[in-house]
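Some notes on the structure that comes next.
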Amino acid sequence: MCLAVPAKILAIHNDKAIADFGGVQREIIITLVKDDVKENDYVLVHAGFAIQKIDESSFKDIVNTWRTLLER
């Protein structure tokens, strides 16, 4: 089973980006995402690679689901 984590793109530098994972910032690779990724976009990240662009509503739904699960 694979796990992808939602993140917000803060800055882009060529094929890499700085992504925010709920306050933790990491460098990720964005070359696998077919859509053009821009700053302030949301992506799903697996093993340091952005694998899918998502909308803000999906991002919030995923984050809220994780929060609910972690509160149990």
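The values are calculated or read from the model by the stated rules, or taken from the named source; none is laboratory data. Source: prediction; values computed, not measured. Positions of Cβ are generated from backbone atoms using ideal geometry, with glycine treated the same way; all protein chains shown enter the neighbour counts. The accessibility values were calculated without ligands, DNA or RNA, using every heavy atom of the protein model including side chains. Shrake-Rupley method; radii C 1.70, N 1.55, O 1.52, S 1.80 Å.
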Find, among the GluC sites (Glu not before Pro) in the chain, those assigned to loop by DSSP (not H, G, I, E, B) with at most 16 other beta-carbon atoms within 10 angstrom. Glu39, Glu71
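Over the stretch 1-40, what is the mean sequence separation of C-alpha contacts under 8 Å (at least six apart), divided by residue count, expressed as relative contact order in percent?
After rounding, I find 34 percent.
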Counting only DSSP beta bridges fully inside the chain, the antiparallel percentage to nearest 5 is 95
Work out, in µm²/s and without decimals, the Stokes-Einstein translational diffusion coefficient of the chain at 10 °C, 1.306 mPa s, Rh from Kirkwood over C-alpha pairs. 130
When the charge dipole of the chain is computed with +1 at the Cβ of Lys and Arg and -1 at the Cβ of Asp and Glu, the Cα pointing farthest to the positive end, of Ile51, Leu69, Leu32, is that of Leu69
Can you send over the carbon and sulfur percentage of the accessible area for the chain, probe radius 1.4 Å, protein chains only? 51
Just in the stretch 1-65: which chymotrypsin sites (Phe, Trp or Tyr not before Pro) are loop by DSSP and have at most 15 other Cβ atoms within 10 Å? none
Can you give the charge dipole size of the chain about its Cα centre, rounded to the nearest 20 debye, using +1 on the beta carbon of Lys and Arg and -1 on the beta carbon of Asp and Glu? 200
For Cα pairs less than 8 Å apart in space and 6+ apart in sequence, what is the mean separation divided by the residue count of the chain, i.e. the relative contact order in percent? 28
Counting each DSSP H run of 4 or more residues in the chain as -39500 (n - 2.57), what helix-only mean residue ellipticity at 222 nm follows after dividing by all residues, to the nearest 500 deg cm²/dmol? -7000 deg cm²/dmol
